[in-house]
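Worksheet: the structure to be examined is printed underneath.
The values are calculated or read from the model by the stated rules, or taken from the named source; none is laboratory data. Since we're looking at a predicted model, the values are computed, not measured. Cβ placement follows ideal geometry from the backbone for every residue including glycine, while neighbour counts extend to all protein chains displayed. In case anyone asks, the SASA skips ligands and DNA or RNA and just uses the protein heavy atoms, side chains included. Shrake-Rupley method; radii C 1.70, N 1.55, O 1.52, S 1.80 Å.
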Amino acid sequence: MNLQKIDVDKHRDVIISFRRNSFKVSFGTDQDFDEDEYVRWVQDQSSLFPDGFILLMEKGVPIGQLELTVKDYEDSKIGYVNLYYLIPERRGSGMGNKLHQYALQFFRNQGVSEYHLRVSPSNHQALGFYGRNGMTIMKKELGGKVIRMRGLVNTPRKQQT
């Protein structure tokens, strides 16, 4: 397995398919998904955070995707996971840990000490994964449609000399 930066022109169909599926898993429908708006957003954000928009590849086939950015939140800079995605056949296989470790390193490199994401309250598999990785629930948002969760980056300690 290897990680590859998203090239929107080359990977357009894959990232649309993955994001569309994430809507269905999270909300039971993809009716609010706008392909063109999403592709424009990925182009804009991946130019700001090229190391944050990654495909997980297995034998040349995309099996997962990460979308990571840095945002302002309540007067602080935080890391933000816009998407953790694995194809259905690979969920629960441990591949998510590879994506999570990459995300933590990305956030360390960005100099943030915490990161957030939002998840559907009905996505029990994702909630379990985030909880096992030390994330805690902060609050419900969007009228209860999503839960905001918080995790700490845990920057490695510098060795004393």
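Quick one: what pairs do we get from region 125-152, first residue free of Cβ contacts under 8 Å to residues at least 60 places away in the same chain and in a strand (DSSP E or B), second among the acidic types (Asp, Glu) and surrounded by 13 or more Cβ atoms within 10 Å (Cβ to Cβ), C-beta under 9 Å, 6+ apart or different chains?
Every condition considered, the pairs that remain are ARG150/GLU114; GLY151/GLU114; LEU152/GLU114.
Please work out which one of (1) more than 22 Å from ARG150 (Cα to Cα); (2) within 15 Å of the chain's Cα centre (by Cα); (3) open to solvent by less than 10 Å² (accessible area, probe 1.4 Å); (4) at pLDDT 95 or above is the condition VAL39 fails and give its number.
Here VAL39 meets the rest and fails (2).
If you take the residues in region 1-27 that are open to solvent by 70 Å² or more (accessible area, probe 1.4 Å) and touching a residue at least 60 places away in the same chain (Cβ under 8 Å), which one is farthest from GLN65 (Cα to Cα)?
In this case the residue turns out to be PHE27.
Checking the condition assigned to a loop (DSSP other than H, G, I, E, B), of a type in the set (D, E, K, R) and modelled with pLDDT under 90, which residue from LYS158, LYS98 passes?
When all the criteria are applied, what remains is LYS158.
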